Amino acid sequence: MSTTTEPAAVAESTAAGAKKSAGRGPWRLVWDQLWAKGSARFGLITVGVLLLATALAGPLGSLGGWTPEEFDKRAVDPYLGGLPRGDFGGISARHWLGVEPITGRDLFARVLHGGQVSLLIAFTATAVVVVVGTLTGIAAGYFGGRVDTALSRLMDLTMSFPSLIFMIAMMSVAKDVNRILLITLVIGLFTWPGIARVVRGQTLSLKHREYVEAAKVGGARSWRILTREILPNVSGPIIAYTTLLIPGMIATEAALSYLGVGVRPPTASWGQMIAESIVHYETDPTYFLIPTAFLFVAVLAFTLLGDALRDILDPRGGRS
């Protein structure tokens, strides 16, 4: 009796699962798998909270009593009646994370404005890297021959440079320029080959598929094949790689600002705040720990989210 009912039950369960998934698009299935993973769910929620909080840095920061204009004024003249930090860094009902030494600026507002700059640089630099790397990789993989050789050697040459040293040198030489724009371009200049190699490898495996050959036989132009046939099929790895790029960009910007060649006061970023706090570390470690904690949580959340997306969107995994 059981030998006849068990296969029937399995078949019924499989049919029910297929029916449940039939009406869902591929991105809905990706979302369901993403939300089902605890680490990915933590990363997704944390990233959402960070993005919302930094986007509303102005209104939320005003709860501490200081406007961005007052922040800038106190950065130029730090002795404009700064509040003493007192016990626990001056944490109170008004100053949730305390206040800065000497200037008395509210740390909650300061760390939100710093996160706004750090995340802006990370996202714009990632966008530059993804656009340049995708275009380069897809061209190298599809056209092959001399185009592939030239672009591959350019990738190798760029990756052979000690990137951090060159970034520091370029940032040190440039003076009267927009620091945020400069950091974005400098980071993008040395980071694009990684995603270019990923896209090149995917394109090489796709360009001889039947649907691509059929498009060629049908007289489709190269740009149409690239945009309609190749690019949609490499979008999964690109999205996963992009999410994993962001924490690296946040850390790189923090390193440059910490070394004094990134954003400059009165503009805040997490790295610049950590650099400022070092001189107070022994007497007042809370000033150091707060921006460090925000930096750590942001990098961890984006990394967990990127790892989950990579697992789900990996075309060799066969899970989506």
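Here, each number is a calculation from the coordinates, and none is a lab measurement. Computed from a predicted structure; not experimentally measured. When we count neighbours, we look across all protein chains shown, and the Cβ atoms used for this are built from the backbone with ideal geometry, even at glycine.
Starting from the Kirkwood radius over alpha-carbon pairs of segment 43-313, derive D by Stokes-Einstein at 37 °C in a medium of 0.692 mPa s and give it in µm² s⁻¹. All intermediate terms of the calculation are to be shown ahead of the outcome.
Details: Rh = 20.6 Å.
For the chosen part, D equals 160 µm²/s.
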*So what are the radius of gyration and Dmax for the Cα set of segment 187-320, in Å?*
21.1, 73
*asked:* Please compute the alpha carbon radius of gyration of segment 102-150, then divide it by the globular-protein estimate 2.2 N^0.38 Å. Two decimals is fine.
replied: 2.06
*Report, in whole Å, the centroid distance computed from the Cα atoms of segment 187-204 and segment 104-181.*
12
*Relative packing of 212-220, 117-125, 147-155, 237-245, which averages over residues the other C-beta atoms within 10 Å, highest first*: 117-125, 237-245, 147-155, 212-220
*Hey, what do the phi angles of segment 188-201 turn into as Karplus ³J(HN,Hα) couplings, whole Hz, using 6.51/-1.76/1.60 and θ = phi - 60°, x for Gly and Pro?*
x, 4, 9, 10, 5, x, x, 6, 4, 5, 4, 5, 4, x
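Given the alpha-carbon gyration tensor of segment 224-288, what are the semi-axes of its equivalent ellipsoid in whole angstrom, ordered largest first, with each equal to the square root of 5 times an eigenvalue?
Details: eigenvalues 327, 29, 10 Å².
For segment 224-288, the ellipsoid semi-axes come out as 40, 12, 7 Å.
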*What fraction, in whole percent, of alpha-carbon pairs in segment 126-254 exceed 24 Å separation?*
36
